[in-house]
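What follows is a set of notes on a single structure, which appears directly below.
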Amino acid sequence: MPPPSPPSKGGVPAWLIGLIAVGLLAFVLMAVGSILLLRGDSSSGVADDLAADDEIERPEPDDQGADDQGDQGGQLDPEVGVSFGDHWHADYGFHGCGEALPGQVDGPGSLGQIHTHADQQGGPDNLIHIHPHSDSFAKGAATLGVFMDAIGADLTDDRLEMADGTLFDEAVGCDGEAAVLRIARWENALAVDGPPTEVFDRRLARTVFQNDGEAYTIFFGPEAAEIPPPPSSLAERFDIDPQPPTTQGA
């Protein structure tokens, strides 16, 4: 028989101490292995999630327009339009249920940047004055919606309420007949005898002023109706002949 193991200093056999040490080492190795395995599964799950995200078809940013003209609601290039320091003018008019509405005046909501003025008699001058005092109202931010706020009107894609409470609503129509809300734009206010340059039926409040000397009619009536141009206030204000005579041989 082999001689018995000598006792340790504390009276515990050396073989028992060795067995305990081996057991602790095995436990530590198992714990470390489990942690590494869990971390590997977690990393794999994150990678799978990222890969799945890459496969999701994400919507394109809103470019304020679509394929058809009526879906544009103004120009598409945010860098085109009035700049800080410019002073533009545009003719405008409201036409609802077969009648031309009177010109408007600034209300409490006017910020004096895209608004209207009174004429020498104190009435409306029927012009939109577009002169942004900051970049916040320039370029793509210079819209008919800002002008509507200035005169106290409320414009959506299917409803127009004037400052005096006059309401035009597609849900109601005109005298029981169907009617739609549209905006016609003429690029040149001095040449409005022909059809408008553009007609918008969506995103109306976001219609952007594109150049100096435009003309706009905000129209509520039958969808097939021809939209009339606004009064030629721009020509009268600046004493311009909208149709100058041609000279033979000139």
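The values are calculated or read from the model by the stated rules, or taken from the named source; none is laboratory data. As the structure is a computational prediction, the values presented were derived from the model and not from experiment. Cβ placement follows ideal geometry from the backbone for every residue including glycine, while neighbour counts extend to all protein chains displayed.
Restricting to region 56-79, give me the number of residues that are surrounded by fewer than 11 Cβ atoms within 10 Å (Cβ to Cβ) and at pLDDT 55 or above.
Residues that pass the stated criteria total 1.
Rundown of residues vs (1) under 21 Å from Ala142 (Cβ atoms); (2) not in a loop (DSSP other than H, G, I, E, B), yes/no style:
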position: Leu160; (1), (2): yes, yes
position: Phe168; (1), (2): no, yes
position: Val172; (1), (2): no, no
position: Arg182; (1), (2): yes, yes
position: Arg185; (1), (2): yes, yes
position: Asn188; (1), (2): yes, no
position: Ala191; (1), (2): no, no
position: Pro196; (1), (2): yes, no
position: Val199; (1), (2): yes, yes
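Report, by residue number, each residue of region 159-181 that is within 18 Å of Gly145 (Cβ to Cβ) and touching a residue at least 60 places away in the same chain (Cβ under 8 Å).
Matches in region 159-181: Leu160, Met162, Phe168.
Can you pull out every residue in region 80-102 that is within 20 Å of Trp186 (Cα to Cα) and either outside the structural domain of Thr197 (by TED's automatic domain parsing) or modelled with pLDDT under 90 (or both)?
Across region 80-102, the qualifying residues are Val80, Gly81.
Out of Ile151, Ile130, report the one residue that is in contact with a Phe, Trp or Tyr (Cβ under 7 Å, 6 or more places away or on another chain) and surrounded by 14 or more Cβ atoms within 10 Å (Cβ to Cβ).
Testing whether each residue is in contact with a Phe, Trp or Tyr (Cβ under 7 Å, 6 or more places away or on another chain) and surrounded by 14 or more Cβ atoms within 10 Å (Cβ to Cβ) leaves just Ile130.
Residue by residue through region 133-158, note down the ones that are farther than 15 Å from Tyr92 by Cβ and in a helix (DSSP H, G or I).
Of everything in region 133-158, those that are farther than 15 Å from Tyr92 by Cβ and in a helix (DSSP H, G or I) turn out to be Asp135, Ser136, Phe137, Lys139, Gly140, Ala141.
In region 158-181, what residues are surrounded by fewer than 21 Cβ atoms within 10 Å (Cβ to Cβ) and touching a strand residue (DSSP E or B) at 6+ places or on another chain (Cβ under 7 Å)?
Across region 158-181, the qualifying residues are Asp158, Arg159, Glu161, Leu167, Asp169, Glu170, Cys174.
Given the conditions (1) part of a loop (DSSP other than H, G, I, E, B); (2) crowded, with 18+ Cβ neighbours inside 10 Å; (3) touching a residue at least 40 places away in the same chain (Cβ under 8 Å), report the number of the one that Ser110 does not fulfil.
The failed condition is (2).
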